[in-house]
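Here, each number is a calculation from the coordinates, and none is a lab measurement. Keep in mind that what you see is a predicted model, and the values were worked out from it rather than measured. Glycine also receives a Cβ, built like all others from the backbone with ideal geometry; neighbour counts cover every protein chain displayed.
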Amino acid sequence: MSQIHIVLASGSPRRRQLLDMLSLPFSVVVTSADEEIRPEWTPARAVEELAERKLAVALSRIDVPDTIAIAADTVVVVDGTILGKPANEQEAYEMLTRLQGRAHEVYTGVAIYNMKNGTSRTFHEMTRVWMRPQGEEWLRWYIRTGEPMDKAGSYAIQGLGALLVERIEGDFYNVVGLPIGQLAVILEELGAPIPSLQKRA
């Protein structure tokens, strides 16, 4: 049986760290895909569609047949409005102010394709996050650290942004950017044995 090659279609260091938890060797392909979200899309459909777009671009660059490619996209949703990454510091401040003292949802969509046998899966996870209020001075300081600038919703739960989070309901790693538990199960189904799961069995 030939070794399955895993490719992560993402430039996110956070997703790389999470995938590394599965003890599977993988390589990275950084993709640039259309990130337009249609107004009629639900958040769940939006993240799945965006993940599939990234996956399609990645597949066009992969020439190793025994490959399973993975792509993902994450958004924050408040009052039914999808928040992506901030364009500038003022937009980051407006996003963080909007999230203060209340709950919002984080959606991550994941698209997976096994090039060897043509099997694929697309799914999403949703986690609800409650934020504690912080003053303007603190928020401005946090933005100046640079951490919010490439994050959906303008915060990183695995970094200083944890100081904003009161509690969550759902998968923590989904908020970071990759629902690694569900991904491991699906990778097994698609033909990539996960060492940690094999040890458990």
_Student exercise, the chain dipole from Lys, Arg, Asp, Glu Cβ charges, in Debye to nearest 20_ = 460 debye
_Alpha-carbon spread of the chain, three principal axes, descending order, Å_ = 58, 37, 28
_P(r) of the range 130-201 over all Cα-Cα pairs, binned every 10 Å from zero, in whole percent_ = 17, 37, 22, 17, 7, 0
_Inverse of mean 1/r across different Cα pairs in the range 85-196, Kirkwood, Å_ = 15.4 Å
_Cα centroid separation, the range 25-58 to the range 89-154 (Å)_ = 15 Å
*Just check the range 32-116 against the gyration tensor rule for me: Cα atoms, a ≥ b ≥ c as the square roots of the eigenvalues, rounded for a/c under 1.5, and otherwise prolate or oblate depending on whether a/b exceeds b/c.*
prolate
*On a 0 to 90° scale, report how tilted helix 89-99 is relative to the longest principal axis of the chain, with both axes built from alpha carbons and the result rounded to the nearest 10.*
90 degrees
*So what does the Cα-only Debye profile of the range 71-114 read at q = 0.16 Å⁻¹, as log10 I(q)/I(0), no solvent term?*
-0.49
*asked:* Kirkwood Rh over alpha-carbon pairs of the range 8-58, then Stokes-Einstein at 37 °C and 0.692 mPa s: what D in µm² s⁻¹, rounded to an integer?
replied: 270 µm²/s
